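What follows draws every value from the coordinates through simple rules; no lab data is involved. On a predicted model such as this, the values are computed, not experimentally measured, just so you know. So basically every Cβ, Gly included, is an ideal-geometry build from the backbone, and we count neighbours across all protein chains shown.
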Amino acid sequence: MAAPVIAAQVLKSSVGKMVKKAAVRRARASVGRRGRRSPDGDGEKKKRPWWLLAIVMVLGGNYLIIGVVLLVVVLIPGASSLAGRQGDTIVPAPSAVTGIPAVLLDAYAQAARNAQRYAPTCTGMTWSILAGIGQIESGQVAGHQIAADGQVTPAILGPRLDGTNGTARIVDTDGGRWDGDTALDRAVGPMQFIPGSWASMGRDGNDDGVADPNNVYDATAATVVHLCGRGPTNLADRSQLSRAIFSYNASDEYVANVLHWIDIFRSLGAAAGAATPGTVPGGVPAPRGTNTTDTIIGIMAKSGVPYVVTSTVRPEDTGSYHSLGQAVDFALAGADNPQLLAINQYWARYAAGLSELIYTGPGGTCVKDGMVVSCAGVYAKVVAEHHNHVHVAATPDMLRRIGVGTDVES
């Protein structure tokens, strides 16, 4: 056998072994104590086989090309994985969103950040996608308490899956462990997993050693697994996102509703944790030295959401903040316009500083004296009147709660 051929075979064997060793080193360096991967997946700088290039150059001819290719693989570990992550942009979650408990929002954000830990071939996961699912499945855990570790009490249980009321009949699969029912299954937790699905998709999102569907960190991590599926998925692509949501609940109406809420949450932006005089959460400048209605309009003007002012001061409307010059109605053409909900949700962020926020279209949030309330329960007499505009009212004192208008006149 010719010497160059023998040398090439020796080189091929040597390089193959080095490639395998490099892969093992990379894997060990990238996994931390609790199974988390480090950001770059690389350990300390390692010695490189510089002499390999010299051998390849001596061989010459086609072996040089083959050798260089192999050399690149050895010298640039992780290059292919880095290339695969270039299109995966992590979108940070806001620091606060009205209607979403802080621990739950943190769970959404953490699950989105760690998406590739649970589904390595999945990209495009965001907190707003998870929040959209959570809005429909449990109303953001409405009516339940969430502990600092993410545990929800009391447990959230769906109806018995007995085949009635449009449900499938599912005989017990967990011995009642999660749903307390030893005869039939029930969907469990803030993201409403059926025990049978939880058995394969459940994940320990808070690293406490237990995967519990009634823990928001575990449930959101499992939701990542469910939405991402088993193959490469890019949830930044609207069509792929729609298919993923359909796999979560095979209903076109469900998909439309979740997408609607995803778009709302995506448009909210970040809310600042602590307001300072002259600003509102989110860094929106507040007009100074103006009356209350001008202040409200000035804040709205910074939202980036389309609007038209249809009413401000109405002296004849006694018993209303309009008569006091402390209310503004924002509208667009058509009742229940999606943009009206965007206006409503923009103002819902500033609930603590509002005397009233009324919009009774689908998904609307209402506020009374700085607290989020039931629209129908508090504003029953005006429900029919507030489908085609968003009513925002605030006294100067209320506006000061969010650091706005310390010199606003009434």
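Taking 7 Å along the Cα-to-C-beta vector as the label spot, tell me the R314-A168 distance in nanometres, rounded to one decimal.
5.1
How would you order 341-348, 302-309 from highest to lowest mean count of nearby Cβ atoms within 10 Å? Kindly include the intermediate steps, with their values, before the conclusion.
Values: 341-348: 23.8, 302-309: 15.1.
Highest mean packing first, the order is 341-348, 302-309.
If I take the Cα coordinates of the range 279-400 and project them onto the principal axes, what are the three extents in Å, biggest first?
Dimensions of the range 279-400 along the principal axes of its Cα atoms: 35, 31, 26 Å.
Taking θ = phi - 60°, what integer Hz values does the Karplus form 6.51 cos²θ - 1.76 cosθ + 1.60 yield along the range 322-329, in sequence order, with x for Gly and Pro?
4, 5, 8, x, 10, 9, 9, 9
Check N234: other-chain or 5+ apart residues with amide H under 5 Å from its amide H, H built from backbone geometry?
Correct list: T123.
Can you work out ³J(HN,Hα) from phi for every residue in the range 191-205, in order, using Karplus 6.51 cos²θ - 1.76 cosθ + 1.60 and θ = phi - 60°, giving whole Hz and x for Gly and Pro?
These are the phi-based 3J(HN,Hα) values: 10, 6, 8, 6, x, x, 6, 4, 4, 9, 10, x, 9, 8, x Hz.
When the Kirkwood hydrodynamic radius is evaluated over all pairs of different C-alpha atoms of the range 102-268, what value in angstrom, to one decimal, is obtained?
On the way: mean 1/r = 0.0631 Å⁻¹.
With all distinct Cα pairs of the range 102-268 included, I get 15.9 Å.
Taking H as built 1.01 Å from N, whose amide H comes closer than 5 Å to the amide H of Q151, not counting residues under 5 places away?
V216
Give the relative contact order (percent, whole number) for the range 130-191; include only Cα pairs under 8 Å separated by 6+ residues.
That works out to 32 percent.
In what sequence, highest mean first, do 121-131, 203-213, 311-321, 220-230 appear when ranked by Cβ atoms within 10 angstrom?
Values: 121-131: 24.4, 203-213: 17.6, 311-321: 13.1, 220-230: 22.6.
By packing density, highest mean first, the sequence is 121-131, 220-230, 203-213, 311-321.
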